[in-house]
Every structure is written in structure tokens, then in C-alpha cells.
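**Student:** One structure coming up, written as C-alpha cells, with questions to follow.
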Amino acid sequence: MTNPTTTPHALSLRTAAELAASAVAGIGPDRWAAPTPCAGYDLRTLVDHLAWAAVLAEHAATREPLDHDWSTPAPPPFLAALPESEWPAPLAGELRAAAGAWADPAAWDGETVMGTSPMPAAVVGPMMLAEFALHGWDVARATGAPYAVPAALAEAVLAAVGSMAAMGRDGGWYGPEVPVPADAPAFDRALGLSGRDPSWRAAG
């Protein structure tokens, strides 16, 4: 029987989840209010967003609708009772759980749900792969930490962002494209397509 975690999509998603978890683990206790490359998001808000993305990703892979009142901002239940300084470990576990759920080849077939909205799984899987990789980069940039994206993941993120950039801009989750040289690394081109400046650095 083929090991499902050896499929390219599943491997890329797992790598993206691990990168994001490593970036969050590097947040110092005094950095949670730091600005990030995402306009209007400090690190706390961004990590909260990433935590919900992990929850949504796992539910989408398992085809379980997520009944949540999005009008009331709050961290997901697995973080709600914890101070921010204790978020990294449980968030890493949730990211890995999401990646593990997408390791099942059946997760990539047919239709699934994002929250309660039906969507093709073949769209949702790459969307979450890009979400983890890009927001991991946002966190790393905000803290000044290194963020080494393997070539295979960079190409997967570029393909995912390229396929949904117009939809992302229409939906407000991608900003206007930032021009990046055509011969730039694949991940830099993905950043530009998603509205991020690859040269962004935290002040100071």
C-alpha cells in the first residue's frame, strides 16, 4: 500500500506546517505586539489567524463543517484559555494534525467545506498549503528569524498562489501584486503575487 504522506501535495503541506510551527516557536515573550508584513496584523493577531487556518484546514480534510460565530473575535478553543507565550506548542500540534489529515489521499478528492462553504478539495488543499507557508514567512519576518523554504515547497506555493491570486485579491486576503523579477526565486515570486514585498523587514 502506498504511504499517503509520500504524495507531493501532502509532503508540501506537511513541510509548510512544520515551517509555520517553527516560526511561531521563535516568537519572544516581548514580541507579540510587533508589526508584521500583513497590514493591520500584529504578531498576536496573525498567529490567532494562523491558528484558525489550521482548524479550518483539518475540518476541510475530514469533511467536518465548522460551526463558529465569526462575528465575535476570539482565539480557537485550544488556545483560548492560554496566554500568548504558551500558544506555540499547541499551535504546532494543531498544524501537524491538519497536515496529517491532508495526508489521506481521499482528502484531495471531490468536494469539501471551508467552514460551512462547499469548495473543491483540489482548491482548498493548495490554498491551505500556501496559507501555512506564507503566514510562516510573515511571522519569521516580524521576528527577524531565518525562513528557509525548500525548493519543492517554493514551487508548490508559487503554483497555489498563482492559481488563486485573482480570487485572493477579490476576497481581500491578498493585496495588490508586488512586482518581483521574473528570475527571482519561486518563493519570492509567490510572495509578490500574494501582495507581499519579499524585502520586508521588521523595523530595528
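Taken together, the values in this text are just the output of simple stated rules run on the coordinates, not laboratory data. Quick caveat, the model's predicted, so the values are computed rather than measured. Methodologically, a virtual Cβ is constructed for each residue, glycine included, from the backbone with ideal geometry; neighbour enumeration extends over all protein chains shown.
**Student:** Between the alpha-carbon centers of region 1-72 and region 173-189, tell me the distance in whole angstrom.
**Tutor:** 21 Å
**Student:** Taking the Cα of TRP70, stepping 7 Å toward and past its beta carbon, and measuring to each backbone N in region 164-188: which are under 12 Å?
**Tutor:** Of the residues in region 164-188, 171-173 have backbone N under 12 Å from the label point off TRP70.
**Student:** What is the Cα convex hull volume of region 52-203 when expressed per residue in Å³?
**Tutor:** With only Cα atoms used, region 52-203 gives 136 Å³ per residue.
**Student:** Of TRP108, ALA17, ALA202, whose Cα points farthest to the positive end of the dipole of the chain (charges on the beta-carbon: +1 Lys, Arg; -1 Asp, Glu; origin at the Cα centre)?
**Tutor:** ALA202
**Student:** Order 18-28, 64-74 from most to least packed using the mean count of other Cβ atoms within 10 Å.
**Tutor:** Details: 18-28: 20.3, 64-74: 10.3.
My ranking of the peptides, most packed first, is 18-28, 64-74.
**Student:** Another question, if that's okay. Amide H neighbours of VAL113 under 5 Å, counting only residues 5+ apart in sequence or on other chains, H built in-plane at 1.01 Å?
**Tutor:** ARG63, MET119
**Student:** Mind listing the long-range amide H neighbours of ILE27? Cut-off is under 5 Å, sequence gap 5 or more, other chains count too, H placed in the peptide plane at 1.01 Å from N.
**Tutor:** Correct list: empty.
**Student:** Please compute the length gained on full extension between PHE78 and GLU111, using 0.36 nm multiplied by the number of residues separating them and subtracting their Cα-Cα distance.
**Tutor:** My answer for the length gained is 9.2 nm.
**Student:** Moving to a separate point now. Kirkwood Rh over Cα pairs of region 120-202 into Stokes-Einstein at 37 °C, 0.692 mPa s: D in µm²/s?
**Tutor:** Here the translational diffusion coefficient equals 257 µm²/s.
**Student:** If I model a spin label at ALA148 and THR62 as a point 7 Å from the Cα along the Cα→Cβ vector, what separation in nanometres do I get?
**Tutor:** Distance between label points: 3.4 nm.
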